[in-house]
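Okay, so here's the structure we're looking at.
The values are calculated or read from the model by the stated rules, or taken from the named source; none is laboratory data. Remember, it's a predicted structure, so these values are computed and weren't measured experimentally. Cβ atoms come from the backbone with ideal geometry, glycine included; neighbour counts cover every protein chain shown. Note: areas computed on protein heavy atoms with side chains; ligands, DNA, RNA excluded. Shrake-Rupley method; radii C 1.70, N 1.55, O 1.52, S 1.80 Å.
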Amino acid sequence: METELKVEDWDELISFSEASGLIPGEPHVMTIHRWSRQGLRGVKLESVLVGNKRFTSRAALSRFFIASSVDDISIWKETI
């Protein structure tokens with residue numbers, strides 16, 4: 001199951017294709033989907049399903065990259 005997006009981020013939803021364009025190297029949209037479903041280094045990208053399309057936010061991307069870059073994920077989880 002995907003990690004649900006925080007409610008406060010809903011007014012700034014971006015599609016996964018938009019998210020791809022914001023990330024250096026522009027990873028493929030399926031990579032963004034994989035981060036949402038399976039995660040990276042134990043961290044899943046927050047997302048929300050609207051109709052039949054999945055969205056995330058810039059804030060969720062920031063949280064995801066910070067959390068997946070921390071060596072000890074328990075340190076990150078204690079700060080949020």
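The single residue among Ile80, Ile73 that is at pLDDT below 95 and surrounded by 12 or more Cβ atoms within 10 Å (Cβ to Cβ) turns out to be Ile73. One residue stands out in the stretch 33-65 among those that are more than 20 Å from Asp11 (Cβ to Cβ) and part of a helix (DSSP H, G or I): the one that is least open to solvent (accessible area, probe 1.4 Å), namely Trp35.
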